[in-house]
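Okay, so here's the structure we're looking at.
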């Protein structure tokens, strides 16, 4: 019996090794964010995590996000589309229920998106394009006082994951003579950026903010929202 782990690792292509390193760094960053969220005083204003209420809201938000993903205004030829704010329910759930529950819901959403339109040219591409990319919207939990900023961070994370996937596994689509990393960054920003922008705009609308405050209030938020309603 031979120990061949290091031999097999040495035989991996450099792009695969770099991708594995990136995934490890991202996992460490998410773990650090989880520790930060639990220690942050901002969590004091958040809805209590876990329990039946979080489970019900999580299931509803994942389902709503999945349904909204079918309403597409525009679809790019190599993947990516502009939807009717499909990621807003997931970001809202993370914003209200915290990082742990938010990441789990976003992860579930990413898995469902893969089964909706499975595209896998390499065993790492689904992890980057679907699972990790959508899980990034769980990071909206780190900004409980500003849902639009949380969506922005999640959108940037999704673009970064898809940019890496595009440069590594879809480089043949880059125009002749153009760096595939630059092409992937431009393509994914144009393909995914507007979708995140729509979610941010909708989340910032005063009527929508009041509705969120009444449906899933942070501490003290429901009273303020109810006071703004007409008699």
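Modelled label-to-label distance, residue 67 and residue 190, 7 Å Cα→beta-carbon offset: nm?
Result: 3.3 nm between the two label points.
Under 8 Å for C-alpha pairs, at least 6 residues apart: give me the relative contact order for the stretch 63-141, rounded to a whole percent.
Dividing the mean separation by the residue count of the stretch 63-141 yields 33 percent.
Go ahead and run the numbers for FRET between residue 202 and residue 111, Cβ-Cβ distance against an R0 of 30 Å, rounding to 0.05. Mind dumping the intermediate values first?
Working: r = 25 Å, r/R0 = 0.82.
Using R0 = 30 Å, I get an efficiency of 0.75.
Rounded if a/c is under 1.5, else prolate if a/b is larger than b/c, else oblate: which is the stretch 70-124, with a ≥ b ≥ c the root eigenvalues of its Cα gyration tensor? Walk me through the numbers before you get to the answer.
Numbers: a/c = 3.04, a/b = 1.41, b/c = 2.16.
In terms of gyration-tensor shape, oblate.
With labels modelled as points extended 7 Å from the Cα through the Cβ direction, what inter-label distance (nm, one decimal) is found for residue 123 paired with residue 145?
About 4.6 nm, to one decimal.
Relative contact order for the stretch 54-99 using alpha-carbon pairs under 8 Å, separation at least 6, rounded to a whole percent?
Reported relative contact order: 40 percent.
Give me the one-decimal nm value for the distance between modelled label points at residue 178 and residue 214, 7 Å along each residue's Cα-to-Cβ direction.
If labels sit at residue 178 and residue 214, their model points lie 4.7 nm apart.
Values quoted throughout were computed directly from the atomic coordinates according to the rules given, and no laboratory measurement underlies them. The structure displayed is predicted, hence computed values, not measured ones. As a convention, Cβ positions derive from the backbone with ideal geometry for all residues, glycine included, and neighbour counts pool all protein chains shown.
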